[in-house]
Amino acid sequence: MDMGKYSGQSKNELDTPCLTLDIDIFEDNLALMRDFVTASGKKLRPHVKTHKCSEIAKRQLAAGGCAGLCVAKVSEAAGLTAAGLTDILITSPVVTVQKISALMESAKIARVMTVIDNRDNADALNLAAGESCLKLKVLADVNPAMGRTGVACEEALELGKYIASLPNLELMGIQCYAGNIQHIGSFKQRHESSLLVMRQAAEVFRQFKLAGLNGVIFTGTGTGTFNIDSEIPEMTDFQVGSYCVMDAEYLQIGGSANPERFDLFKPALSLQTSVISVNQPDFVTVDAGLKALYYTPHAPPIVLNQAGSGWKYEWFGDEHGRIYFPELCMKPALGGRIELSASHCDPTINLFDSMWIIKDDIVIDCWKIDLRGCCR
Ligand SMILES: Cc1ncc(COP(=O)(O)O)c(C=O)c1O
């Protein structure tokens, strides 16, 4: 992107809909997570699925305290290696022939690790690694009773022993990520649920060590449970993703200090939208709909403008949204800017090619969302 035309512009002059990232808030979020995790004696392994942006990944690493990065997909790993990054954990099993082949290509040029929850998959990866003259590092993926992926806790040790017996795989430990717990509204309930699950995974990790398996990594947790799972002594690193940009889903759950709002991390990412029609008495129409904001029924986007307290966003089709306002005197003006925190940051960011970087409301840079669309 040629920044010449845009650098120094006010964020309010950018055409909409577009994504903006407030650099100061973003850096504060990185520092806060790094300091907490480091003080807990753990490492960070930030999840790139959130932002799909290698520039953000580089800044997360530069902020310190990291053991590496996580991605959900092999194609994301390839994107990061192309950007010169290494120490990448793929947090989903890699199963199809094409993906296994792509994984081997990435593993030839960077340190790439993946998870396994099945013997057949272990065999396939072992074979492919042998053909590529690689010793592939892997983790046993442990099911946090969610059932998305992962081996049952009771069967994990057997799987671990099996993986360790294969010549071209190097077992490094376990992963357990409880996505179903991250957004439980009450902090107390989230605390109970997460510790219950992660203590079971910790037991698996201890069994690995007792059995002489190479248990050096126990990775997991997310933004909703990082300050809960820090109580698990066996955990080595935290795969947090959303904390760096935040979204409406996270802002609406309870936090450890504030039961009404999870406000430790601030919304660094905004979706800028403009009012394009004001002819209705109780709402105005804006230019951001489903193509600019990923739909999440239980957490509509939150209006961030200070002046707009009481403004509420509601979806209004593919291209539009509507903003309800409490009183006529608070009706947004035609052409006015509304700044939103997206419902869910990951799939919303994936709708855009780039994000504008803002400091004190002024555009200072534009970062490419270079892993956008890497869904394989
Ligand atoms: C395996 C895994 N780890 C970590 C994360 C990051 O979670 P969060 O964005 O809640 O921090 C995700 C997000 O879905 C995930 O799937």
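Please determine, by comparing only the residues of the stretch 151-207 that are closer than 27 Å to Glu260 by Cβ and among the basic types (Lys, Arg), which one is farthest from the chain's Cα centre (by Cα). Among those residues, the one meeting the criterion is Lys188.
Of the residues contained in the stretch 323-332, one or more are found to be surrounded by 15 or more Cβ atoms within 10 Å (Cβ to Cβ), aliphatic (A, V, I, L, M) and touching a residue at least 40 places away in the same chain (Cβ under 8 Å). For the stretch 46-97, the candidate set comprises residues that are of a type in the set (S, T, N, Q) and more than 16 Å from the ligand (Cβ to nearest atom); within that set, the residue that is farthest from Thr219 (Cα to Cα) is Thr96. Can you find even one residue in the stretch 293-315 that is among the charged types (D, E, K, R) and more than 30 Å from Gln98 (Cα to Cα)? Looking for residues that are among the charged types (D, E, K, R) and more than 30 Å from Gln98 (Cα to Cα), one finds at least one in the stretch 293-315, hence yes. Out of Met198, Met246, one residue alone is over 16 Å from Ala67 (Cβ atoms), crowded, with 24+ Cβ neighbours inside 10 Å and touching a Leu at 6+ places or on another chain (Cβ under 8 Å). It is Met246.
With the requirement that a residue be part of a loop (DSSP other than H, G, I, E, B), within 13 Å of the ligand (Cβ to nearest atom) and of a type in the set (Val, Ile, Thr), what does the stretch 187-229 give you? Selection gives Thr221, Thr223, Thr225. Criterion applied to Leu14, Leu21 was being more than 20 Å from the chain's Cα centre (by Cα) and at pLDDT 95 or above, and the one residue passing it is Leu14. Taking the criterion of being out of contact with any helix residue (DSSP H, G or I) (no Cβ under 6 Å at 6 or more places or on another chain) and touching a residue at least 60 places away in the same chain (Cβ under 8 Å), the only residue of the stretch 189-214 that qualifies is Arg190. So how many residues does the stretch 145-182 have that are at pLDDT 95 or above, under 13 Å from Ala201 (Cα atoms) and within 16 Å of the ligand (Cβ to nearest atom)? Residues that pass the stated criteria total 8. When Leu157, Leu125, Leu166 are screened for being in contact with a helix residue (DSSP H, G or I) (Cβ under 8 Å, 6 or more places away or on another chain), without any contact (Cβ under 8 Å) to a residue 60 or more places away in the chain and under 17 Å from Thr91 (Cα atoms), only Leu125 passes.
The values are calculated or read from the model by the stated rules, or taken from the named source; none is laboratory data. What you see is a predicted model; the values in this text were computed from it and never measured. Glycine also receives a Cβ, built like all others from the backbone with ideal geometry; neighbour counts cover every protein chain displayed.
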